[in-house]
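Encoded as C-alpha cells, the structure appears first; notes follow it.
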Amino acid sequence: MTLFAEAPDTVQAARNMARTALEDWGLNELAEDVRLTISELVGNVLHHAIPDDCLAVPGAPRRIDVTLRKWPDWLVIGVTDEDSHPPTLPIGEGFSPQLVGDLQEALIPDHGRGLLIIQRLADAVWWSPGETGGKTVLCRFNLSAGSGTQSP
C-alpha cells in the first residue's frame, strides 16, 4: 500500500489495511500488536523522515510504502520511506530499573520510544537501505513456536 505523509488519515489507513490482511489470513490474535507496530513505524516517517535530495520533488507529497507478507512461519511488516538515514534502534536497557527507585519516568528515553515498543512486540526488527535512496524498516512476527531463530 502506498500512502502519502501529508494525507490526514495516513496512519489510520495503514492500520486498517493491516487489520483487513490479518483477518483474511486468520491472524486476528496478532491484530493489536501489528496495528500498533504499523502506527509507530508510519508515525516515525511522518515525524522524522526527510526525503533524500535524489528523491525529493518540490511540492510533492512524501511517499510511504507499507507491506505485509505472510509466510508459513512468519509475518513480515515493511515500511519504506524516502529518507536514507538509519533509524535509531534502541540496543537495550542502559541501566537496571531497580536502581531508579521512585523515578520510573527516568526509564523512558527522550527518543526511540516507538522503536523500543516495536522491539518488545516483534520477534525481530531491522532496516535496509534502498537501492536509490530511502530505507525500509522491517519487523518479523513468528507465527509458530518452531519457526527458528531470532535473527532476520
### Query
Can you sort 117, 50, 38 so the residue with the fewest Cβ neighbours within 10 Å comes first?
50, 117, 38
### Message
Restricting to Cα pairs below 8 Å that are 6+ residues apart, what does the relative contact order work out to for the range 1-74? Please round to a whole percent.
### Response
48
### Query
So how do 1, 17 line up by other beta-carbon neighbours within 10 Å, fewest first?
1, 17
### Summary
For 34, 79, ascending order of other Cβ atoms within 10 Å (fewest first) is 34, 79
### Query
Given labels modelled 7 Å from the Cα in the Cβ direction, how far is it in nm from residue 128 to residue 67?
0.7
### Task
Take every Cα-Cα pair in the range 1-81 and report what % of them are more than 20 Å apart.
33
### Mean Cβ count within 10 Å, highest first, over the residues of peptides 21-30, 53-62
21-30, 53-62
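None of the figures in this text is laboratory data; all of them are computed from the coordinates on show. In this text, all values refer to a predicted model and were calculated from it rather than measured experimentally. Neighbour counts run over all protein chains shown; Cβ positions are idealised from the backbone, glycine included.
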